[in-house]
Amino acid sequence: QSTVQSYLEGVSVGLEQLRSAAQEVQSVCQDLGAARWALLDSADRFQGLQQMRALMAEHVQLASVVQVLPQLFSVHEVFSHTLQLLRGQHLLEAHAELMMMEHLRDDILSQLHLRGLSSAQATVLSYFGGLQELNESLAKQLWDIVGSSLQLVREDPVLFVTAVRIIEREEKIDDTLLLEATFLPPGRPKGWRQKFYRVLQEAITGAHFHAARMDAEGPGLARHLAALQKDIVSELRVVKDLMVQCVPAHYNILGVCAATYHQALTSHLQDILREDLDKQALFLLLEWALRVYHSPEMMGHPDLLPEVDVSALGPLMSPELVELTERKYVVKVKASVLVWMQRTLEVEFKEWFREEEPETDHQGFFQSALPVIVMQMLNENIQVASLITDSLQQKVYNMALEELEAFLGRLREALVQCGKEHQKDRTVPKYYVSYLLAMLNNNLALGSSVSSLHPDTAHREVPTSLRAALDRTQKKACQLLLEELLLDLQPLCLQLPSRKWLSGSQLVSSMCEVIDKYAKDFSRVKKPVFTLLLTESELLVASQYLRALMQKKMVCKSEEERGQLCDRLLQDATQLRALFLGLDRSQQSLEAVFALRELICLKDPALLSLEVLGFITKYPDVSDEHISTLLDLRGDVSKEVRHMVLEMMAQHPQVLPESYRPIFSTILVPAPELPFCLRKGKCA
C-alpha cells in the first residue's frame, strides 16, 4: 500500500506540473499574438529607419573621404611641382613624386574597395585626373630618350641611364601588383620595359629603313648598301662598347639590337626585291646578303665578335628568296647576253660583205673576232656568278649553253641569208668562200672553248644538244661551200658525155683546175674540217661525173666507140685520182668510176650478170634504173641479157652496211620515153 501510495503521489505531482505548463504556453501564445499585432502596427515606422540607414552609409563614406581630404587637397600642388620637374628634365625626382601620388591614390582606392565604398572611388579619382597627363608627359620624354639612345650613350649617357632606372622602377611595381594586389589600379600594368624594346627597334628601323624611296638601280643601290653596312657596324660597336654598360644584363641589349638590324634588313631586302631591278642591282643584293653581310667587313667584324653571332639569327635571305632572286638575275643576264650576241652577229654579218678578206691567225687560217667576243661574254658572266653561290654559277652556265645553242641557230640563218644574197649575184659578197671558211674556223673555236666554261674541271664535256648545234652549223657552212663548188663544176659536167669529150677534150683538166682552186681555198680552214671538205668534194665530183654519164645523152654505136669511152673513163678517173692523191685524200668515191668502166669495157655481154653482181655488192645503193641506163650506154645489150641482169638483181637484194657512204642513191635517172605509134610531127 505504501508503494502504491507513493506512485499515486508522483502521478498527482506530474499532472499538476502539466497543468501549470499548459497555462504558461497559452500565456506565451497570447503575448506573441499581441507582439505580432504590435509589429504590424509599426511597419510604417520601419520605412523611416531604412532611409536613416542609407544616410548612415553615406555619412560613413563622407567620413572616409574627409579623413584623406588634407592629402587630396595637396595633390594639385604636387602635380604642379612634378610638372615643373619634368620640364626641367629632373626625371628621377619627378618620377619619385609621381610614384608617391600613385601610391596615395592606389592606397585610398584599395581601402574604399575593401569597404565596398565604390561611389567614393569616383570622387577620389577626380582629384587624381592629372596623373594620366603626368604619366604621358614622362613617358614621352622617356621614349624620346630611348629613341636617341645611340647618340646619347656617346654624348650624355646619364640621361639614358636615368630613363632605364625609371623603366626598371615601373617594371618592379608592375610585377609586385600582379603578384600581391587584390585589384589592379588604373593604368596598370604599364609594361614600360617592352615599350622600351619597341621604341628602340622603331628608332633603329626608322633611321635606316623608312627613308624616302631610293634609287633601285645599280649605283644608287650600291651607295645605299654601303651606307647601311657602315652605319650598322658603327652602331653595333656603340651598343657593345657603351650601351651595354648602361642597362641591366638581362636586357641583352646587344642581342636585341643585332636581331633588330637583322630582321629589319630582311624585310628591307624583300621590299627592294619587289622592284623591277636590273641585273647589276640583283647581283649587288645577292652579293651583299650572302657574302658581305657575314664577312669581317660587317657582322663578322672583329670588334663585334664573339658577342654578335649572326649565324644564330638565321639567313638574311631565305633559301626560297635566294632561289627566286637567282632566277631573276639569270633572266636579266640572259636578256643582256641575247642583245650582245645579236649585235655581235649583226656586226659579223656586215663584215661578210666587206671588200677585203677576213683576218687570219698566225698559221694563215681565216678567222674573225666572233668566237673571242662570244666566249669572253659568256665566261665573264659565269665567273661573276661564281662570286655568289655555286648554284647561281651553275644556272648561269646552263643559260650560257642555251644561249650559245640559240646563237648558233641564228648564225646558221645568217649563213643561209648570205647564201641567198650570193645566189642573186655571185660577186656579192666578194669574198664569200673566204668568210664561209672563217665561219668554219670560228665554229671549231667555239666548240673547243665550250668545255672551258664549265665550273668543274672534272666535268668539262660538251652537252649533246650543243654539240649537235655545232655540227649543224658546220654542215651548213660546208654545204654552202660545196654548193659553190658545184656551181663552178656544173657547166663542165653538162658537157658529159659527148663525142667531143670522147675525142679528147680538156674537160676533166678544167674540172681539176676548179677543184684545185677550191682545195687551196679549203686549206685556209683547220684540218678536221679541211679533211671533211676534201672528202665531200671528192664525193661531189664522183657523183656529178656519174650523174652526167647517166643522163642518156649518148649510146655507143660500135665496139670502137665503146673502146673510146672506156679509154676516156680511165683517163678521167686516173686524172681525178691523181688530183686527190696530191691533196692527201683517199679515192673511195672515185673508185665507183673505175668499177663502172669495167661494166662498159666488158666485151662479152653474156658475162654482164656476174659483173653486175660484183658491182651491186660493192655499191649496194645502185638501182635497177642505174644498171639499165649503163646497159643502154653500152649499146650492145639485148633484151634477153638485160632481162637476165635485172632478174639476177631482183634475186640478190642488197642491204646497206652502216658504214657505207651512198653515192648512187643521190643520182636521179631520167624516166624512159614511152613508145608512141605515130611519128613526131606538128599538130594539124
Positive-end extreme of charge dipole, the chain - chosen from Leu446, Thr260, Pro528 (charges on Cβ): Pro528
Report the semi-axes of the equivalent ellipsoid for segment 240-372 in whole Å, largest first, where each axis is √(5λ) for an eigenvalue λ of the Cα gyration tensor. 52, 17, 10
Tell me the Kirkwood hydrodynamic radius of the chain in angstroms, computed as one over the mean inverse distance between distinct C-alpha pairs. 37.9 Å
In whole Hz, what ³J(HN,Hα) sequence does segment 293-309 give by Karplus (6.51, -1.76, 1.60; θ = phi - 60°), x for Gly and Pro? 4, 8, 7, x, 7, 9, 5, x, 4, x, 6, 9, 7, x, 4, 8, 10
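Quick check: at a probe of 1.4 Å, how many percent of the accessible area of segment 212-317 sits on carbon and sulfur atoms? List each step's numbers first, then the result.
Working: 2610 of 4940 Å².
For segment 212-317, the apolar C and S fraction of the accessible surface comes to 53 percent.
How about segment 475-566: which GluC sites (Glu not before Pro) there are in a DSSP loop, with at most 13 other Cβ atoms within 10 Å of their Cβ? Could the numbers behind the result be given before it?
Numbers: sites: Glu483, Glu484, Glu513, Glu536, Glu538, Glu559, Glu560, Glu561; in loops: none.
Taking segment 475-566 and a limit of 13 other Cβ atoms within 10 Å, no loop GluC sites (Glu not before Pro) are found.
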Run a plain Debye calculation on segment 330-477 (Cα atoms as equal point scatterers, no solvent) and give log10 I(q)/I(0) at q = 0.10, 0.11, 0.16 Å⁻¹, rounded to two decimals, same order as the q list. -0.36, -0.44, -0.86
Work out from phi, with θ = phi - 60° and the Karplus expression 6.51 cos²θ - 1.76 cosθ + 1.60, the ³J(HN,Hα) of each residue of segment 156-161, listed in order in whole Hz, and give x for Gly and Pro. 9, x, 4, 5, 5, 4
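Quote the FRET efficiency, to the nearest 0.05, computed for Val416 versus Leu324 with a Förster distance R0 of 41 Å and r equal to the Cβ-Cβ distance. Don't skip to the answer; put the middle values down first.
Working: r = 40 Å, r/R0 = 0.97.
Using R0 = 41 Å, I get an efficiency of 0.55.
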With the full set of protein chains in place, find how many percent of the accessible area of segment 330-477 is carbon and sulfur; take the probe as 1.4 Å. 52 percent
Compare the peptides 31-37, 297-303 by average per-residue count of other Cβ atoms within 10 angstrom and give them in order, highest first. 297-303, 31-37
Any chance you could run the full-extension gain for Glu591 through Ser137? It's 0.36 nm times the residue separation minus the Cα-Cα distance, nm to one decimal. 152.4 nm
Where labels lie 7 Å past Cα in the beta-carbon direction, separation of Gln245 and Val13 in nm: 10.5 nm
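Find the eigenvalues of the gyration tensor of the Cα atoms of segment 357-409, then list the square roots of 5 times those eigenvalues as equivalent ellipsoid semi-axes, largest first, in whole angstrom. Could you put the intermediate results ahead of the total?
Working: eigenvalues 167, 33, 8 Å².
Semi-axis lengths for segment 357-409 are 29, 13, 6 Å.
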Segment 443-568, relative contact order [Cα under 8 Å, separation at least 6], %: 27 percent
What is the angle, in °, between the Cα long axis of helix 559-582 and the longest principal axis of the Cα atoms in the chain? Nearest 10 is fine, range 0 to 90. 40 degrees
Dipole magnitude (debye, nearest 20) for the chain, charges at Cβ of Lys, Arg, Asp, Glu: 2980 debye
Using only Cα atoms, tell me the angle between helix 624-634 and the longest principal axis of the chain; keep it within 0 to 90° and round to the nearest 10. 20 degrees
Accessible area per residue, 1.4 Å probe, Å², for the chain: what's the number? 55 Å²
Rounded to 10°, Cα long-axis angle of helix 591-601 versus longest principal axis of the chain: 30 degrees
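So what's the back-of-envelope 222 nm ellipticity for the chain, counting only DSSP H runs of four-plus at -39500 (n - 2.57) apiece and dividing by all residues, rounded to 500?
On the way: 25 runs with 487 residues, N = 684.
Here the helix-only value at 222 nm equals -24500 deg cm²/dmol.
What ranking of Phe580, Phe353 comes out by heavy-atom accessible area, probe 1.4 Å, highest first? Walk me through the numbers before you get to the answer.
On the way: Phe580 0, Phe353 60 Å².
Output order, biggest surface exposure first: Phe353, Phe580.
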Specify the inter-centroid distance of segment 246-310 and segment 323-372, based on alpha-carbon positions, in whole Å. 40 Å
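Dividing the convex hull volume of the alpha carbon atoms of segment 338-379 by its residue count, what do you get in Å³ per residue? Provide the component values of the computation, followed by the final result.
Numbers: hull volume 2.4 nm³, N = 42.
It comes to 56 Å³ per residue, whole-number rounded.
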Mean separation of Cα contacts under 8 Å, 6 or more apart, over the residue count of the chain: relative contact order %: 7 percent
Which whole-Hz couplings ³J(HN,Hα) result when phi for each residue of segment 260-269 is put into the Karplus expression 6.51 cos²θ - 1.76 cosθ + 1.60, θ = phi - 60°, listed in order with x for Gly and Pro? 5, 4, 4, 5, 5, 5, 4, 5, 5, 5
Isotropically averaged projected area of segment 507-666, using the convex hull of Cα atoms (one quarter of hull area), nm²: 9.6 nm²
Rel. contact order, % - alpha carbon contacts under 8 angstrom, at least six apart, segment 526-647: 32 percent
Listed peptides 269-279, 323-333 by packing density, highest first (mean Cβ within 10 Å): 323-333, 269-279
What residue among Leu98, Met511, Cys601 has its Cα farthest toward the positive end of the dipole of the chain, where the charges are +1 on Lys, Arg and -1 on Asp, Glu, each on the Cβ? Cys601
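Starting from the Cα-Cα distance between Gln111 and Ser148, subtract it from 0.36 nm times their residue separation and give me the gain in nm to one decimal. Before the final figure, lay out the partial values.
Details: separation 37, 0.36 × 37 = 13.32 nm, distance 4.18 nm.
Stretched out fully, the Gln111 to Ser148 stretch lengthens by 9.1 nm.
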The alpha-carbon center of segment 503-533 and that of segment 472-486 are separated, in whole Å, by 14 Å
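Give me the orientation-averaged projected area of the Cα convex hull of segment 386-462, in nm², one decimal.
Working: hull surface 23.9 nm².
Approximately 6.0 nm², given one-decimal rounding.
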Along the three principal axes, how long is segment 434-474 when you take its alpha carbons, biggest first, rounded to the nearest angstrom? 37, 16, 8
For Gln342 and Ser623, what is the calculated FRET efficiency with R₀ set at 60 Å and r taken between the beta-carbons, to the nearest 0.05? 0.80
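For Leu92 and Leu532, compute 0.36 nm times the residue count separating them, minus their Cα-Cα distance, and round to one decimal in nm.
148.7 nm
The values are calculated or read from the model by the stated rules, or taken from the named source; none is laboratory data. Keep in mind that this is a model prediction, so the values were computed, not measured. Cβ sites come from the backbone with ideal geometry, for glycine too, and all protein chains shown count toward neighbours. These area figures cover heavy atoms from the full protein model, side chains too; ligands, DNA and RNA do not enter into them. Shrake-Rupley method; radii C 1.70, N 1.55, O 1.52, S 1.80 Å.
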